[in-house]
Each structure stands twice: as C-alpha cells, then as structure tokens.
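Colleague: Below you will find the structure I want to go over with you.
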C-alpha cells in the first residue's frame, strides 16, 4: 500500500513538472516567412520615402509609420510581434534556410519591379 502511494505520488509529480514547462514558440514556415519578410521590407522601403521632401529619399526609416505598418502586417499574416521575433531568431540561427527564403523572394520582387517600369 505504501509503495503504491509513493508510485502514485511520483507519477503525479512527473505530470505536474511536465505541465510546468514553458511552451516553446515555433517558427514560421519558409513560405510564411517569405511573405512576411517581403511585406516588412516593402514597408521599410516605403517608410524611408515618407519625408516632407519626397524627391529625396532618406536612409532613415520613419519609425512612427513603421510601427503602424508592422501591426498591419502582423495582422495580415495572423501572427504576433513575439512570434515574428521568435521566427526571425530561429532563421538567424539557420542561415542557410534564411538565405533560401530570400532567394525565393527574388522572382516576386522582379515581377513587382517590372510592373512599375
């Protein structure tokens, strides 16, 4: 009887300790990351053109506009700022995959550029 209680206590303890683990935030798939990064880079580029003198681009980003753009982009892609940062961190630790994400963006950017020429 005593052994049974100890076994039950150990099993419950293991279950409770397993439940206390912090949930690991996953990362976005390459296709999701590609769409997200494309939108973010376009927003950053656009924000640099938001100056009183729009004939001259500034190397500085308009951070007020970017904050609004980022929230809109995160909403569009159904993710949070935390998920974005976690995914970006994961891809930075896997540079070969991040490189392929950017490589796969080239045809889309080329097609977008051709529209405006």
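The values are calculated or read from the model by the stated rules, or taken from the named source; none is laboratory data. Fair warning: this is a prediction, and the values are worked out from it, not measured in the lab. No Cβ is skipped: glycine too gets one built from the backbone with ideal geometry, and neighbour counts run over all protein chains shown.
Colleague: Which residue pairs have Cβ atoms closer than 6 Å, lie 6 or more positions apart in sequence or on different chains, and pair a first residue in segment 35-48 that is free of Cβ contacts under 8 Å to residues at least 40 places away in the same chain with a second residue that is not in a helix (DSSP H, G or I)?
Modeller: Note: pairs meeting the criteria are 44/61; 47/61; 47/62; 48/57; 48/58; 48/61.
Colleague: Moving on to the next point. List, please: which pairs have Cβ atoms under 6 Å, are six or more places apart or on different chains, and start with a residue in segment 49-72 that is on the phi < 0 side of the Ramachandran plot and at pLDDT 75 or above and end with one that is surrounded by 10 or more Cβ atoms within 10 Å (Cβ to Cβ) and part of a helix (DSSP H, G or I)?
Modeller: What qualifies is 65/47; 66/47; 69/43.
Colleague: Quick check on residue 37: is it surrounded by 12 or more Cβ atoms within 10 Å (Cβ to Cβ), assigned to a helix (DSSP H, G or I), modelled with pLDDT of 90 or more and in contact with a helix residue (DSSP H, G or I) (Cβ under 7 Å, 6 or more places away or on another chain)?
Modeller: Working: surrounded by 12 or more Cβ atoms within 10 Å (Cβ to Cβ): yes; assigned to a helix (DSSP H, G or I): yes; modelled with pLDDT of 90 or more: yes; in contact with a helix residue (DSSP H, G or I) (Cβ under 7 Å, 6 or more places away or on another chain): yes.
Yes, satisfied.
Colleague: While we're here: So, residue 46, is that one modelled with pLDDT of 80 or more and either over 12 Å from the mean Cα position of the chain (by Cα) or exposed (fewer than 10 other Cβ atoms within 10 Å of the Cβ) (or both) or not?
Modeller: So residue 46 fits the description; yes.
Colleague: Quick check on my filter: what residues within segment 89-117 are touching a helix residue (DSSP H, G or I) at 6+ places or on another chain (Cβ under 8 Å) and surrounded by 11 or more Cβ atoms within 10 Å (Cβ to Cβ)?
Modeller: Within segment 89-117, 91, 97, 98, 100, 101, 102, 104, 105, 108, 109 qualify.
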